[in-house]
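What follows draws every value from the coordinates through simple rules; no lab data is involved. This structure is a prediction, so every number in the text was calculated from the model and none was measured. All Cβ positions, glycine included, derive from the backbone under ideal geometry; neighbour counts span all protein chains shown.
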Amino acid sequence: MTSITSALLQAAGQRDRILDCARRLIAAPSPNPPGDTHAAASVAADLIRALVPNAELTLYRTSETIGNLVAVVRGTRPGSPTSSPTARRLVLSGHLDTYPLGDASGWTVPPFAGEVRDGKLYGRGAADMKGGIAASIVALAALAAHPDTWRGEAVLALAGDEESMGTLGTQFLLENVPAARGDAVIIGDAGSPLVLRFGEKGFLWVRLTASGKPAHGAHVHLGVNALDRLRAALDDIAGLRALRAAPPPGVAEAIAAAKPTSEPLGGPGEAAVLGSVTVNLGRIEGGSSPNLVPATAEAALDLRLPAGVSAAAAETALATALARHPGVTFEVLRRFDPTVTDPAAEIVQTVRHAAEQILGRFPAINMRVGGSDARLFRRAGIPTVVYGPTPFNMGGVDEYVLLDELQVVAQVHALATFEFLNV
């Protein structure tokens, strides 16, 4: 390790600085819904102005509630400025919105105080993903302190609405802010320092509606039960789990190789879930009384699609299955194809190498079960990975993250950015 990288890692690994950033971000509540991220964006801007005074910082207000932020730092090593055809841009991305607080009475710590206990930082958004944002801010500050050692641009892009699909957040930035479109992207979203994520499953959110004929419950021969129709249709939809995936090269092999490391963190069965279609019945409604034949019924489902099964293919299979069920129709509420960055891509290997220097071991390379803004960058053709801290109680009470892991994430983000820009 050179003296330059040692200095960079020392600057990025300042735990007190990371903790201060994370606590200040947690203290600016940004639950979605309602999704008001202006206060959190303002806090992030203040932190960047203080820690990265040479950053070019712009706030983007895309609605009455959604605030986004982009900060650009330019290296001065020969080969810069970025007008040079060989100079590159790497984007560190994050989202400012969090899950709702839920029942505050269930928390054993103040949810917005950023309390620290036994090396754990508590608070709504600590893990998803204000801790990761704090790590990225400190990583950017470390790079900005040594601009003469790297070339190109390091960008921090913070979006305001990841939890609501990113239309006015990352998607807006991609379409309107050139600096948000890098040669590669690293996202510090929830995961684990031991697992580097190169892709994620797609999804269909579907609403089913069944119609029948009302009648008295004693005279079922005179009616058609909409719930019976819906139940039969749901049984058929469960058969979509058998759809076979044809993933891109290296994906199935990476999932299998990551299993010994990834499943102890993500739970037994994670590898099987990553490689198959899953069908979750999340809501069902129908009828008004036990003694009446229901005339209508409705259900909502979440279908997750592995790499190698497109949203169009899943929708076609869904339509085929439902064609056998009269009186049952469906509407797709949300759809997104699986997105994958080649496991052999440069950004994957660069982050993997940087993590190995910090951890003393290579992280596993794997897909991600949940969704993130990474899918938007990948859809735009930008190689993207997710590398962040392990989430504990994410979306529940007493959410927390390990300070040791935030330190690792900050150092890996800084070192990987440095190495990628200096190629």
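The mean sequence separation of alpha-carbon pairs under 8 Å and at least six residues apart, normalised by the residue count of the stretch 1-118, gives a relative contact order of 28 percent.
Once the Cα atoms are used to define both axes, helix 15-26 deviates from the longest principal axis of the chain by about 40 degrees. Per-residue packing, averaged as other Cβ atoms within 10 Å, sorts the ranges 176-188, 331-343 into the order 176-188, 331-343, beginning with the highest. Dividing the mean sequence gap of close Cα pairs (under 8 Å, 6+ apart) by how many residues the chain holds gives a relative contact order of 24 percent.
How many angstrom lie between the C-alpha centres of the stretch 125-202 and the stretch 298-321? Between the Cα centre of the stretch 125-202 and that of the stretch 298-321, the gap is 30 Å.
Placing +1 on the Cβ of every Lys and Arg and -1 on the Cβ of every Asp and Glu, with no other charges, gives the stretch 202-336 a dipole of roughly 180 debye about its Cα centre.
With only alpha-carbon atoms in the gyration tensor, what are the semi-axes of the equivalent ellipsoid for the stretch 202-336, in Å, largest first?
Numbers: eigenvalues 269, 47, 22 Å².
In descending order, the three semi-axes are 37, 15, 10 Å.
Axis angle, to the nearest 10 degrees, between helix 3-12 and the longest C-alpha principal axis of the chain: 50 degrees.
Rounded to the nearest 10 degrees, the inclination of helix 251-266 to the longest alpha-carbon principal axis of the chain is 90 degrees. Here the contact order of the stretch 202-336, divided by its residue count and restricted to Cα pairs under 8 Å and six or more residues apart, works out to 47 percent.
Using alpha carbon coordinates only, what is the Rg to Rh ratio of the stretch 131-279, with Rh defined as the Kirkwood radius? If you can, show how the numbers build up before the last one.
On the way: Rg = 23.7 Å, Rh = 20.5 Å.
Across the stretch 131-279, the Cα-based Rg/Rh ratio is 1.16.
If you take every DSSP beta bridge whose two residues both sit in the chain, what share of them, in percent to the nearest 5, is antiparallel? Intermediate values should be presented prior to the final figure.
Details: 51 of 72 bridges.
If I count the DSSP bridges inside the chain, around 70 percent turn out antiparallel.
Using just its DSSP H runs of length 4 or more, each adding -39500 (n - 2.57), the chain gives a mean residue ellipticity at 222 nm of -10500 deg cm²/dmol after division by all residues. Remark: the stretch 108-118, residue by residue, has Karplus-estimated 3J(HN,Hα) of 9, 10, x, x, 10, 9, x, 6, 10, 9, 6 Hz, where x stands for each Gly or Pro and the curve is 6.51 cos²θ - 1.76 cosθ + 1.60 at θ = phi - 60°.
Each residue of the stretch 317-331 is assigned a 3J(HN,Hα), and the resulting list reads 5, 5, 4, 5, 5, 7, 4, 7, 10, x, x, 10, 10, 9, 9 Hz, derived from the Karplus form 6.51 cos²θ - 1.76 cosθ + 1.60 (θ = phi - 60°), x at Gly and Pro.
Let me confirm the definition first: pairs of Lys residues in the chain, 8 or more apart or on different chains, C-alpha distance under 29 Å. How many are there? Don't skip to the answer; put the middle values down first.
Working: Lys120/Lys130; Lys120/Lys259; Lys130/Lys201; Lys130/Lys259; Lys201/Lys259.
Close lysine pairs under the 29 Å cut-off: 5.
Quick one: net charge of Thr108's neighbours, Cβ under 14 Å, K/R +1, D/E -1? Kindly include the intermediate steps, with their values, before the conclusion.
Numbers: positive: Arg117, Lys120, Arg124; negative: Asp103, Glu115, Asp118, Asp398, Glu399.
Once positives and negatives cancel, what remains is -2.
By the Stokes-Einstein formula, at 0.890 mPa s and 25 °C, the chain with its Kirkwood radius over alpha-carbon pairs has D equal to 108 µm²/s. Hull volume per residue, based on the alpha-carbon atoms of the stretch 1-95 and their convex hull, is 128 Å³.
Can you tell me the dipole magnitude for the stretch 82-138 around its Cα centre, using point charges on the Cβ only (Lys, Arg +1; Asp, Glu -1), in Debye to the nearest 20? Mind dumping the intermediate values first?
On the way: 6 positive and 5 negative charges, 65 e Å.
Dipole about the Cα centre, nearest 20: 320 debye.
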